[in-house]
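A short write-up of the structure that comes next.
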Amino acid sequence: MISSSRTHKAFLIATCWLAGFGMCLLFLQHILQDCPSPPNPPYLGLESHSNSSNPTPPTQPEKPILLLWVWPENYRFDFSDCKTFYNIEGCHLTDDRNIYPQADAVLIFHKAISWDLSNLPPSPRPVFQRWIWFHVESPTNTHKIPGLENLFNLTLSYRRDADITIRNLLTVNKNPNKEFVLPKKDKLVCWFVSNTNPSTGTGTRMQYYGEFKKHITVNIFGSMSGTRMKDEDYYPIMASCKFYLSFENSVHKDYITEKFNGPLAVGTVPVVLGPQRENYEQFAPADSFIHINDFPDPAALAQYLLQLDKDDEAYRRYFNWRKHVSAKPHLVIWNQEFIPYICHACEYIGNHREYKQAHDIYKWYFS
């Protein structure tokens, strides 16, 4: 009887002990669940793990696609030139027409469009897509191809009021530039000219030149002289001239081409024939060039240039603007003519996604 009582007592003690041990285990598990996990040890491999101190970088948006529908004048270049020359890489530039349905914009060269419009992209134009009218000729040299009036919702031109304006702009520096060294001059007046076709508007400049050359010697280069000038000779020859005839083939607002930028870039004084002086002064300092309209006739202009040739101090005043303003040379190799236009169209498409309504390009361009 006593043995049975002792056995029962031992069973009760063991049961109580097990129950207490179980409760301790449950309590410990609850504590461990509430405690934060220790940080992972630093990863020493080649790949970094994402954590709160090293978040995954956001996904970059896809670059918009600019489709070059036709190569202007078949002047081809490497699309990487946009990065090389202008540090532009804001769009995916291509000439692959197979991706037309996905293109954000299509660049169409006006002079390449057929009169029956048969070589245009498929129409109607997708509502999300921009068609860019690419034209850099003056109104005198622009053919009105019927049916184009309201197809385009962006314009690319030399005009300041185009959607995409491409110009050889001068830059202003707050700190003075380094002292300008005038290139050595061995020629007084120079002119690079090839186009003498009066149907392109050259009649005005050829008539002025015909009278001007009676009073001063002009060094002619280009096909008008009977020989073609090499591309690499363009800037060295221009720099060797005191004055350069920056005569545009036709006279229109804002139509101020590389003929004006070249002499400014190399240290030669441009003598300009084109729009009014006020228009030129919107792009360059008033004392950086000579305008034919400042003189009553070609003889008076010639006499003034001959006087400057003998007065070094007066001549050098035409370069005072260089203290705070700079001019950059433009591209001159034959197949580089359209690179700046195409590259800056890419830059525009990369920065502008807003909707643009099509408008009458002829009403705008010929107004």
Study note, to complete from the structure: Across region 229-244, the tally of residues that are assigned to a loop (DSSP other than H, G, I, E, B), among the aliphatic types (A, V, I, L, M) and modelled with pLDDT of 95 or more stands at 0
Check your understanding: Looking at region 173-192, which of its residues are part of a loop (DSSP other than H, G, I, E, B) and modelled with pLDDT of 95 or more?
Key -> L182, P183, K184, K185, D186
Revision key, fill the gap. Output for Cβ contacts, cut-off 7 Å, separation at least six or different chains, first residue within 9 Å of N335 (Cβ to Cβ) in region 69-80, second among the charged types (D, E, K, R), reads Y75/E337
Point to revise | Subset tally (residues that are at pLDDT 95 or above and either in a loop (DSSP other than H, G, I, E, B) or in contact with a Cys (Cβ under 7 Å, 6 or more places away or on another chain) (or both)) for region 201-220 | key: 7
Exercise for review: Could you tell me which numbered condition P298 fails, if it satisfies all but one of (1) at pLDDT below 95; (2) touching an Asp or Glu at 6+ places or on another chain (Cβ under 6 Å)?
Suggested key: (1)
Check your understanding: Say we look at region 112-150 and pick out the residues that are polar (S, T, N, Q) and in contact (Cβ under 8 Å) with a residue 40 or more places away in the chain; which of these is nearest to I166 (Cα to Cα)?
Key -> S138
Exercise for review: Just name the residue that is nearest to Y235 (Cα to Cα) out of those in region 317-330 that are in contact (Cβ under 8 Å) with a residue 60 or more places away in the chain and buried (at least 16 other Cβ atoms within 10 Å of the Cβ).
Suggested key: H330
Exercise for review: Scan region 137-152 for residues that are assigned to a loop (DSSP other than H, G, I, E, B) and either surrounded by fewer than 20 Cβ atoms within 10 Å (Cβ to Cβ) or in the same structural domain as A265 (by TED's automatic domain parsing) (or both) and jot them down.
Suggested key: E137, T142, H143, K144, I145, P146, G147, L148, E149, N150, L151
Study note, to complete from the structure: Residues of region 88-108 being of a type in the set (D, E, K, R) and either buried (at least 19 other Cβ atoms within 10 Å of the Cβ) or under 19 Å from I164 (Cα atoms) (or both), in sequence order, are E89, D104
Exercise for review: Return yes when K185 is surrounded by 15 or more Cβ atoms within 10 Å (Cβ to Cβ) and within 30 Å of G267 (Cβ to Cβ) and no when it is not.
Suggested key: yes
Point to revise | Subset of region 245-291 [assigned to a loop (DSSP other than H, G, I, E, B), touching a strand residue (DSSP E or B) at 6+ places or on another chain (Cβ under 9 Å) and closer than 24 Å to N141 by Cβ] | key: E248, V251, D254, I256, T257, G274, Q276, A284, F289
Practice item. Count, please, the residues in region 243-266 that happen to be surrounded by 22 or more Cβ atoms within 10 Å (Cβ to Cβ) and within 19 Å of D312 (Cβ to Cβ). Key: 3
Practice item. Take I108 and decide whether it is assigned by TED's automatic domain parsing to the domain that holds G147, β-branched (V, I, T) and touching an Asp or Glu at 6+ places or on another chain (Cβ under 6 Å). Key: no
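The values are calculated or read from the model by the stated rules, or taken from the named source; none is laboratory data. Being a predicted model, the structure only gives us computed values, none of them experimental. Methodologically, a virtual Cβ is constructed for each residue, glycine included, from the backbone with ideal geometry; neighbour enumeration extends over all protein chains shown.
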